[in-house]
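As C-alpha cells, the structure follows; a few thoughts come after it.
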Amino acid sequence: MSSEESIRVRIAPSPTGLLHVGTVRTALFNYYFARQNKGKFIIRIEDTDTARSTKEYEENIITGLQNLGLVADEDPIKGGPFGPYRQSERKATYRPYLEQLLAEGKAYYCYCTKEELEKVHKEQMAQKQAPRYPGTCHGRSEEDKKNRIAEGIVPVIRLKIPGSLKTVVFKDLIRGKIEQHTKELDDFIIAKDLDNPLYNFVVVIDDVMMKITHIIRGEDHIPNTFKQVLIYQAIGVKNPPHFAHLPLILNSDKTKLSKRKNKVSINDYLGEGYLPEAILNFLSLLGWNPGNNQEVMDLNTITSLFNLGKVQKSSAVFDTTKFLWINGQYIRSLPFEKFIERSRNFLGKYAEQNPTLLEHALVLIQERCKKLSDIPELLAPLLEEKDIDISLLTSQKIPPTTVALALEIGQRIMQNWNRSEAFTLVNKAEICEELKQLFLKEIVAHNLKNGDVLWPIRAALSGQQSSPGAFEMIWFSGREKSLQKLKIAHAALRT
C-alpha cells in the first residue's frame with residue numbers, strides 16, 4: 001500500500017434477511033479502518049438472488065447500520081462516484097469482461113451435463129480423490145459443441161486455471177501468507193451465460209471498478225479469495241486489493257453462530273433493549289481487543305485504538321453474559337433524562353402511570369437495569385401493591401424475634417422523623433443519607449447486623465425478593481405510607 005493510495009473499503013451484504021450481527025461486526029472493522037486512514041466506507045448491496053432479496057431487507061441493513069452510527073460514505077441511497085451500488089443494476093458492466101476472457105482463451109464454455117459430472121465425481125471419490133472438474137470441455141471439438149447445443153444443453157462459462165500455475169497465493173493482513181495448490185482447485189464456473197455471471201466473478205469486477213483497496217471480511221470467504229485472485233490475474237489486474245479475513249463468530253458451545261442456537265438479528269437485540277452503543281462495543285471485541293483491560297469504549301475511542309494487524313486469528317465466542325454486562329454498564333452511565341427517553345418503548349402497562357411517580361421509580365431501577373426489557377419487572381415492586389408475605393420477611397434466616405424488632409425500629413424512626421417536605425429527585429440523596437444515619441444508630445444500639453434490620457424493612461416495603469434498598473424504598477413510598485406498610489407487616493408477623 002503506497003502512501004498515496006486512497007483507502008476504500010466496502011461491505012457487500014445480501015438483502016436476504018434482517019441485519020445480522022456478523023454483518024455489523026464486519027462493517028465495524030471496515031469502518032474503523034477507513035476512518036483511521038481517512039478513507040471511504042462503502043455499502044454495496046449484492047441482490048442478484050432475486051428469489052430471496054427484498055427492498056425491505058435492504059432498507060433494514062442500510063438504515064440499521066446508520067442507526068448504529070455506521071454511516072457510509074457511498075451506498076445505494078446516497079449514491080457516489082462509482083455507482084450504481086446495487087449489483088442487480090450493474091449487470092451491463094460484467095459482460096465485456098466475460099467476452100474478453102473467452103476471446104483470450106482464459107475462459108471457455110462447458111457443455112457437460114449434471115449427470116456426466118456426477119459420474120466423474122463418484123469415480124474420483126472412489127479413488128479417494130477430491131471431486132473436481134477434469135477440464136473436459138476445454139478440448140471439446142466444435143462439432144461436439146454444436147451437437148450438444150442441438151440437444152438443448154445450455155453451456156456455462158468456466159475460468160481456465162493456467163497449467164503452469166502451481167499455487168495460488170495472497171498475503172492476508174491478519175493471517176500472513178496463505179496459499180493453495182492448484183490441484184485442489186478446478187476450472188470453476190464464473191457465469192451461467194454472458195448475462196448471468198456468478199458471485200466470485202461479479203464481486204471482483206465490482207471491486208475493481210469501485211477502486212476498492214482493502215477487502216475485510218470473514219474467514220469463511222478464504223476459499224472464495226483463491227478463486228478471486230485467479231480472476232484478478234485473468235482480467236489483468238496487477239495490484240488487486242489487500243485482503244484481511246476476520247475470525248468466525250461462534251456460539252458459546254463453539255459451533256458457528258446461527259439463528260438456530262442464538263439470536264443473530266440486530267433487531268432482536270434492539271427489541272430486547274440492548275443499546276446501539278453497547279451492541280457496537282460488544283461486537284468490536286469479537287476478534288479484537290485494545291491490548292489492555294478496557295472493555296467499555298465508545299465508537300470514537302475504539303476507532304482511535306483499532307489496529308487491523310492485531311485482530312486475532314482464532315474464532316471469537318459470542319459471550320451473551322459479557323454482552324449483557326456491557327449493556328448494563330451503558331444503561332447505568334446514561335444521564336437520567338436519556339434513560340427516561342430510552343425507556344419509553346419498554347414501559348408496557350406502566351406507560352400510563354403518574355409521570356412524577358414513574359420518574360421516581362425509574363431513577364431507582366436504572367442502576368439495576370441490564371437491558372431495557374427488564375424495566376417492567378424492575379418497576380413491579382414499586383408500582384404494584386402486594387400483600388405482605390410473611391415467609392419473605394424471614395427468608396434470610398433471620399429469627400422472627402429479630403424481624404419483629406427490625407419492624408419496630410422502622411416504625412419508631414418513621415414516627416419520630418421530622419421530615420415533612422415532599423420527597424423529590426433533588427433531595428433523594430440527602431434523604432437517603434439521613435435515613436442511613438438514623439438506622440445505623442439504632443442498629444448499633446441494639447447490637448444487630450445491618451441486614452438484620454434493613455432486609456425486613458426493604459421486604460416489608462416492597463413485598464419482593466429483589467427491590468431497591470430500604471432507604472430508597474422509604475424515599476419512594478414517603479414517610480406516611482412507609483409507616484403504614486411497616487405496621488401492617490408487623491401486625492401480620494404477630495398473628
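The values are calculated or read from the model by the stated rules, or taken from the named source; none is laboratory data. Being a predicted model, the structure only gives us computed values, none of them experimental. FYI the Cβ positions are ideal-geometry reconstructions off the backbone, even for glycines, and counts take in every protein chain you see.
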### Query
Which condition number in (1) surrounded by 14 or more Cβ atoms within 10 Å (Cβ to Cβ); (2) under 39 Å from the mean Cα position of the chain (by Cα) is the one that A107 fails?
(2)
### Message
Given the criterion within 23 Å of L275 (Cβ to Cβ), basic (K, R) and touching a residue at least 60 places away in the same chain (Cβ under 8 Å), identify the matching residue among R10, R44, R35.
### Response
R35
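So, in the range 380-428, how many residues would count as being in contact with a Phe, Trp or Tyr (Cβ under 9 Å, 6 or more places away or on another chain) and free of Cβ contacts under 8 Å to residues at least 12 places away in the same chain?
In the first step, residues of the range 380-428 are kept if they are in contact with a Phe, Trp or Tyr (Cβ under 9 Å, 6 or more places away or on another chain); the result is 380, 382-383, 393, 395-396, 398, 403, 406, 409-410, 413, 423, 425, 427-428.
Of the ones still in play, those that are also free of Cβ contacts under 8 Å to residues at least 12 places away in the same chain are 427.
Residues that pass the stated criteria total 1.
In the range 44-87, which residues are of a type in the set (S, T, N, Q) and not in a loop (DSSP other than H, G, I, E, B)? Steps first, answer last, please.
As a first pass, look at the range 44-87 and keep what is of a type in the set (S, T, N, Q): 48, 50, 53-54, 60, 63, 66-67, 87.
Scanning the range 44-87 gives N60, T63, Q66, N67, Q87.
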### Task
Look at V168 and say whether it is under 23 Å from Y199 (Cα atoms), assigned to a loop (DSSP other than H, G, I, E, B) and either in contact with a Cys (Cβ under 7 Å, 6 or more places away or on another chain) or assigned by TED's automatic domain parsing to the domain that holds K183 (or both).
no
### Query
Which residues, counting only those in the range 429-456, are free of Cβ contacts under 8 Å to residues at least 24 places away in the same chain and in a loop (DSSP other than H, G, I, E, B)?
N447, K449
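Conditions tested, residue by residue: (1) of a type in the set (G, A, S); (2) in a helix (DSSP H, G or I).
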{"residue": "K227", "(1), (2)": "no, yes"}
{"residue": "L230", "(1), (2)": "no, yes"}
{"residue": "N239", "(1), (2)": "no, no"}
{"residue": "S252", "(1), (2)": "yes, no"}
{"residue": "S258", "(1), (2)": "yes, no"}
{"residue": "L270", "(1), (2)": "no, yes"}
{"residue": "Y274", "(1), (2)": "no, no"}
{"residue": "N281", "(1), (2)": "no, yes"}
{"residue": "I302", "(1), (2)": "no, yes"}
### Query
When the residues of the range 464-479 are filtered to those that are assigned to a loop (DSSP other than H, G, I, E, B) and free of Cβ contacts under 8 Å to residues at least 60 places away in the same chain, which remaining residue is farthest from E367 (Cα to Cα)?
G478
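Tally the residues that are more than 20 Å from W475 (Cα to Cα) and either surrounded by fewer than 17 Cβ atoms within 10 Å (Cβ to Cβ) or of a type in the set (S, T, Y) (or both), restricting the search to the range 351-375. Step through it out loud before you land on a result.
First, pick out the residues of the range 351-375 that are more than 20 Å from W475 (Cα to Cα): 351-352, 370-374.
Then drop every residue that is not either surrounded by fewer than 17 Cβ atoms within 10 Å (Cβ to Cβ) or of a type in the set (S, T, Y) (or both), which leaves 351-352, 373.
Adding up the residues that qualify gives 3.
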### Task
Test L70 against the criterion of being out of contact with any strand residue (DSSP E or B) (no Cβ under 6 Å at 6 or more places or on another chain) and either among the acidic types (D, E) or under 17 Å from K192 (Cα atoms) (or both), and give yes or no.
no
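Working only within the range 185-214, note down all residues that are assigned to a helix (DSSP H, G or I) and under 19 Å from K106 (Cα atoms). I'd like the intermediate steps shown before the answer.
Start the filter on the range 185-214 by keeping residues that are assigned to a helix (DSSP H, G or I), which leaves 199-209.
Listed by number, the residues that qualify are Y199, N200, F201, V202, V203, V204, I205, V208.
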### Message
As an exercise: evaluate L393 against (1) more than 30 Å from K338 (Cβ to Cβ); (2) buried (at least 16 other Cβ atoms within 10 Å of the Cβ); (3) more than 43 Å from the chain's Cα centre (by Cα) and give the number of the one condition it does not meet.
### Response
(3)
### Query
How many residues does the range 124-160 hold that are at pLDDT below 95 and either exposed (fewer than 12 other Cβ atoms within 10 Å of the Cβ) or in a loop (DSSP other than H, G, I, E, B) (or both)?
22
### Query
What do you reckon, is L405 closer than 27 Å to V453 by Cβ and modelled with pLDDT of 95 or more?
yes
